[in-house]
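Only one structure is covered here, and it is reproduced in the block below.
Just so it is clear, none of the values below were taken in a lab; they were calculated from the coordinates. It should be emphasised that the depicted structure is a prediction, and the values quoted were computed from it without experimental measurement. Note that we place each Cβ from the backbone using ideal geometry, even for glycine, and neighbour counts take in every protein chain shown.
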Amino acid sequence: MRHTKKLLEMRREANLTSQQLAEAAGVPLSQEYAVEIGGFVDRATAEKVINAFSSLTHSHHTLDEFQINGRVK
């Protein structure tokens with residue numbers, strides 16, 4: 001079983017705000033927040049947020065690393 005982490009924890013560790021991440025992803029704050037707490041979002045939104053997080057932290061992350069529900073395959 002793969003270890004998954006909530007984006008909320010990682011965002012806080014990176015000293016980023018939800019607003020910064022939402023703006024970088026180009027999604028509403030409510031959708032960014034749903035992604036970071038492992039809520040129900042579509043795959044495209046989750047990918048935008050994860051890609052923005054990767055860009056802001058100069059690292060590489062994929063959806064499989066995070067506990068995100070409701071992704072469309």
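Peptides 13-26, 39-52 ordered by packing proxy, namely the average of other Cβ atoms within 10 Å per residue, highest first: 39-52, 13-26.
Taken along the Cα-to-beta-carbon direction at a fixed 7 Å, the label points for N15 and F40 span 3.8 nm.
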